[in-house]
Amino acid sequence: MKSFKRIIISLLSLFAGLFLVLLSIFIVAVVSNVNVIEDNIKFQEEHLEYLETEYYKNYIPKKESDLADFDLEKAIEDGVKLNEIKILGTHNSYQTLATPETRFLMSIIDTITLKKLGLNTFDFQMDTLTEQLELGVRNVEIDIETLDKDDKIEFKVTHNSIVDNASSAYDFTKALQEIKMWSDNNPDHIPVIIIVEPKSFVIEINGMKKFSLEYAKELDKIIDDTLGDSLLTPDDMLRNYSSFKEMRENDDWISLKEAKGKIIVLLHDCDVTESYIALDETIRTQKMFPMLRYDDRNETYTSFILENDPSRADERKQENIDECNLIVRTRADAYPEYSDERYEKAENCGSQILTTDYPEKTDGNENHEFSFNGKKIKLTEKTEK
């Protein structure tokens, strides 16, 4: 009995010691991320200044036709519609490398949990938004957290404000300014689609708040004020239709010709989605398109939906695309996992927005990347038939 007690005491001591070590590393990681905020702010300010004063000074617009695996200019003149092309997007498009302290902490936890939590994503990073757009990405995903402090509401672009906040586009308004700047300098681009995802888990300290309907209204205002005429709104998309369902039933998504040079913003499915839709179920007065799920495919207000698993997207292609005429977003991979099999399923599942964690990068260091045989824009199977 005494031997058993000694074993229990030893195990408890071991766990207590391990907990204290992890707690210490966690505190160091949190402190390192506080310092990262200053780096984020400085980088973004300097990056925007560089773009404004130098990069675009003698800029030559990119040729969209070079990005497509078909005659894009002819397709535009022939009236090809937004839902009849596939575009390449990126996941967590703002993310830069996490601090060494954070990566060390997550590697330890990942090892202890036998890699069940997938925490090895902390060494994930992307080029800047401008670099991605230059290389042909036409869909970006931006995670936001709400900062309501000193009577001022701001949205911060970060994966996690406590332990993973490294970002090349930390201030959401400035991130929109960067995208609009690129758009203004490339007036003939096919629409750039921004997915805005409010983070569901937020620790409400130091002014951080859980996303709410009132914050969604503020987000709408920022989007409208910042993007201005570059923004393609739900009202623009609907034209004379009474609902998106009616528009879809008439197979009348807006044409690429009408949508050239525009930016579309989608609100990723979140806790506020239902109340956001309830503001106006036609969605005419909102600035973002609610990005919904399979169960909402037949709703009058549905236009864009999420089917992140390529296999599931393929199973539901007939309902989502052939019958409901929706635009579907699917993830071609999930860092650090990728496979040729999943890439093939993603490309053939019919989804029009395919996001990847492995896009072409400016440094050229990726030993593989997802694209449409080297191209970033492709006609859908529906159009090819």
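FYI, it's all coordinate maths here, none of it is from the lab. Model, not experiment: these values are computed from the prediction. In this analysis, Cβ positions are derived from the backbone assuming ideal geometry, glycine residues included, and neighbour counts consider all displayed protein chains.
So, in nm, how far is label Asp78 from label Lys375 when the simple model puts each one 7 Å beyond its Cα toward the Cβ?
1.2 nm
For Ile205 and Ser311 in one chain, what is 0.36 nm times their gap in residues minus the Cα-Cα distance, to one decimal in nm?
Here the answer is 34.2 nm.
Residues of the range 278-293 with the amide nitrogen closer than 16 Å to a label point 7 Å from the Cα of Ser242, along Cα-to-Cβ, please.
281-284
Just to confirm my numbers, what's the Cα centroid distance between the range 205-220 and the range 254-324 in Å?
The range 205-220 and the range 254-324 have Cα centres spaced 22 Å from each other.
Work from the charge dipole of the range 137-258 (Cβ charges, +1 for Lys and Arg, -1 for Asp and Glu, about the Cα centre) and give the residue of Ser168, Thr233, Tyr215 farthest towards its positive end.
Ser168
Assuming a strict under-27 Å limit between Cα atoms, what lysine pair count do you get for the range 184-293 once near-sequence pairs (fewer than 8 apart, same chain) are dropped?
Number of lysine pairs found: 27.
Taking the Cα centre of each part, how many Å lie between the range 353-367 and the range 47-92?
The range 353-367 and the range 47-92 have Cα centres spaced 16 Å from each other.
May I ask you to compute the full-extension gain from Glu341 to Asp295, defined as 0.36 nm times their residue separation minus their alpha-carbon distance, rounded to one decimal in nm?
This chain segment gains 13.9 nm when fully extended.
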